[in-house]
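J.: The following block contains the structure, expressed as structure tokens.
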Amino acid sequence: MRRDRTCSKNQLTAPLRTHNLDIDARKGINKVHISLIAGWRKRPTDTTGSGPPCTEAHRLATRIHTLDAVIICSKGNLDMAYPGLILANAALGEGIETHLFFTFWGFDMITRARMDDLKFTPLGNTAMRLVQAPNLPIPAMAGGLPGMTKVATKMMRKQIADLEIPTVPELLEQIVEMGAHLWACKMSFDMMQLNEADLFDGVEAVISATDFMEISEGAQIIFI
């Protein structure tokens, strides 16, 4: 996928440098250029992006967008925080433009006061088993016992640590350093009466659903 993206970007640069398409590609192209070109000819009245060179540039820019990854993080449990972060880490390692959008309980992953204290509960989890006895499911009623969430959380944290997997805050810092873009949902932000100082530093902005649709247009979307 990294090779496909690089190839498409190189192919896109060629018509931009050889034709006057109002895009300065002498120093290469970036995401802003790609988004601008991918948006050409969306409306019948648009005149920008007409003719064979522009048609080809539009096709290539749209192709690059389809190689982007957008991960929606809507859960705040410890076991539901890691899938999105691990996928983002893998995507970034493959050179894929990666965005994470945090909404509803997913805000716990990026809220300073809670991000390092996420919980895991076996309540309602019919797949819950002990590693030591994989063929013996834990009864659903056991999840409601006092102290069970604390015990289950401690067990999961130990398993994660034994595998040398970073904590949620450490993994967030890691993917931001790799180039991930973190976005917070405006509606959830307002519902929870938060302010920007409450959020993890790596969050770029609090955005609306409309903003998110523009960012994610054409990308591969994963909902967790």
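The values are calculated or read from the model by the stated rules, or taken from the named source; none is laboratory data. Remember, predicted model here, so these are calculated numbers, not experimental data. With ideal geometry, Cβ positions are generated from the backbone for all residues, glycine too; neighbour counts draw on all protein chains shown. In case anyone asks, the SASA skips ligands and DNA or RNA and just uses the protein heavy atoms, side chains included. Shrake-Rupley method; radii C 1.70, N 1.55, O 1.52, S 1.80 Å.
J.: Scan the stretch 161-173 residue by residue and report those that are open to solvent by 30 Å² or more (accessible area, probe 1.4 Å) and in contact (Cβ under 8 Å) with a residue 24 or more places away in the chain.
T.: Matches in the stretch 161-173: Ile165, Thr167, Glu173.
J.: Just give me the residues in the stretch 92-127 being of a type in the set (A, V, I, L, M), open to solvent by less than 10 Å² (accessible area, probe 1.4 Å) and assigned to a helix (DSSP H, G or I), in sequence order.
T.: Residue satisfying the conditions is Met109 alone.
J.: To continue, here is another question. Can Ser50 be described as open to solvent by 20 Å² or more (accessible area, probe 1.4 Å), at pLDDT below 85 and in contact with a helix residue (DSSP H, G or I) (Cβ under 8 Å, 6 or more places away or on another chain)?
T.: no
J.: Also, quick follow-up: Let me confirm something: among Ala142, Ala209, Ala127, which residue is over 21 Å from Gly84 (Cβ atoms) and modelled with pLDDT under 95?
T.: Ala142
J.: Tell me, yes or no, whether the stretch 174-184 has at least one residue that is open to solvent by 50 Å² or more (accessible area, probe 1.4 Å) and closer than 13 Å to Phe104 by Cα.
T.: no
J.: Quick check: anything in the stretch 95-110 out of contact with any strand residue (DSSP E or B) (no Cβ under 6 Å at 6 or more places or on another chain), at pLDDT 95 or above and among the charged types (D, E, K, R)?
T.: There is at least one residue in the stretch 95-110 that is out of contact with any strand residue (DSSP E or B) (no Cβ under 6 Å at 6 or more places or on another chain), at pLDDT 95 or above and among the charged types (D, E, K, R).
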